[in-house]
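Report on the structure given below.
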Amino acid sequence: MINAEYEAVIGLEVHVELKTRSKAFCRCATSFGAQPNTHVCPICLGMPGVLPVLNRQMVEFALMTALALKCRLADYCKFDRKNYFYPDLPKNYQISQYDMPIATGGSLVIETENGPRTVGINRVHMEEDAGKLVHKGSIMTTPYSLVDLNRAGTPLLEIVSEPDLRSPAEARMYLEQLRLILLYLGVSDCKMEEGSLRCDANISVRPKGQRQLGTKTEIKNLNSFRALERALDYEITRQIKALAKGERIIQETRTWDEEEQVTMSMRSKEEAHDYRYFPDPDLPPLHIDQAWVERVFKSLPELPEQARRRLTEEYRLSRYDAILLTASKDILDFFDDCVARYPKPKVVANWINGDLARLLNQSKLEIRESKVTPALLVGLFRLLDEGTISGKIAKAVLEEMFNTGEPPDKIVKERGLVQITDESALQALVREVINENPTVVDDYKNGKDKALGFLVGQVMKASKGKANPEAVNRLLKEELSRR
Ligand SMILES: [Zn+2]
């Protein structure tokens, strides 16, 4: 009852580690999983007197992302120092962008239950990552923290949405779509479990119909889609309960405690002025050449939403099929490869989204790990088209292909699965089934259409699935009409 009177207002700040080979302002490697404090140098350790040099690839990835999110690009932007003290930040400031980010005002489309919906993007800016504190258990209870500075100086994009999201589910969809776009662009590997995609959520609630925003809290430490949804659920309930009791919401930063499944207060929320932002005197302002932007724009790959439109408009697939086929770049590439060899998109889509997806799911494999290649799958379609095997047998052959990686024609030959096309052999089975089921035959004669389906099923069973169902249907009708 209480929830029906309030609505949630959610905005996400997403931090993405960019897949550059070296860090944002020095030549240290960005690779994940190295021995602690081995990918460091005087620049990313913040030694006195060193000078940062901007990584060109970082800017190019930022441009690609901003263009994919339909943002307005700044032709002139600058870097600022965000000053604060924390043990993972050796310089005591983070190089970021404050009032002149590289891009503003974009959007992306999410798929809600009520159809596609556009969510606004407030801004995209470049910054560097901090190092990492390694805790024993939760940050709130750990007896000590260890500092690893390998990550310090890794290029990041911060992508800030407008407060357009209205539910935890929508927040999840937004993050999923954003992640998909970044993966299609190839600018980040977006591994939440490794921290290359991180998300903070700003959330407030207000009585329905009220235009003014309520006081918001910011939730940190959302390391998975599940954590995002659960933390938002928890926080919405907490805020509504407080408001219903007449309490005020305190503007603060909270952390999601995965073990306890609660959000907990960390510190009161800081304002921008607390950080004493000022332009970094070591980095000149960045002028972005229009020719560069055009070059980047032309080289953008097909993005998920464009691909969905191609599949629904060019290939006449359903929106549902298109969403499944674009769920990863690998699935889309697999589909396109199949269609290039076998131009019946609907057939290809049905098999990929149906039986192949089921097999992948059961074995928890990604499509690129599957032994079934587009060439093998198309081989299976050909056997079906030639009438060598029935649809039912094809499913069994696919399963065998999936387990062994053997070509379908070899499986069919070796296991004797070739469809029975010899009419006299089928005729014998048909007679056998009719003789064994006199009451069903009577039902058929009395006009019960279902009876025929049963008889077809019996003949298929007797042939171990190797009969052609259409031929069986025809022969049964002929034989029945003679009796
Ligand atoms: Zn370095």
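When the residues of segment 242-269 are filtered to those that are surrounded by fewer than 16 Cβ atoms within 10 Å (Cβ to Cβ) and in contact (Cβ under 8 Å) with a residue 60 or more places away in the chain, the one that is farthest from TYR86 (Cα to Cα) is ALA244.
Inside segment 9-30, residues that are of a type outside the set (Lys, Arg), assigned to a loop (DSSP other than H, G, I, E, B) and away from the ligand (no atom under 13 Å from the Cβ) make up a count of 1. Output the residues belonging to segment 304-320 that are crowded, with 21+ Cβ neighbours inside 10 Å and part of a helix (DSSP H, G or I). The answer is PRO304, ARG308, LEU311. Selection of segment 31-41 for residues being surrounded by 12 or more Cβ atoms within 10 Å (Cβ to Cβ) and either near the ligand (Cβ under 7 Å from one of its atoms) or not polar (S, T, N, Q) (or both) yields PHE32, ALA34, PRO36, HIS39, VAL40, CYS41. With respect to the stated conditions, GLY131 fails to be surrounded by fewer than 17 Cβ atoms within 10 Å (Cβ to Cβ), within 16 Å of the ligand (Cβ to nearest atom) and closer than 23 Å to ARG276 by Cα.
Scanning segment 451-481 for residues that are free of Cβ contacts under 8 Å to residues at least 60 places away in the same chain, part of a loop (DSSP other than H, G, I, E, B) and closer than 13 Å to GLN427 by Cα turns up just one, SER463. Taken over segment 236-249, the residue count meeting the criterion of being out of contact with any helix residue (DSSP H, G or I) (no Cβ under 9 Å at 6 or more places or on another chain) and within 24 Å of SER138 (Cβ to Cβ) is 3. Summed over segment 311-326, the residues that are modelled with pLDDT of 95 or more and within 25 Å of LEU185 (Cβ to Cβ) give a count of 11. Looking across segment 261-296, just one residue is small (Gly, Ala, Ser) and over 30 Å from LEU228 (Cβ atoms), and that is ALA291.
The values are calculated or read from the model by the stated rules, or taken from the named source; none is laboratory data. If you're wondering where the values come from, they're calculated on a predicted model, not measured in any experiment. Quick reminder, even Gly has a Cβ in these numbers, built from the backbone with ideal geometry, and neighbours come from all protein chains shown.
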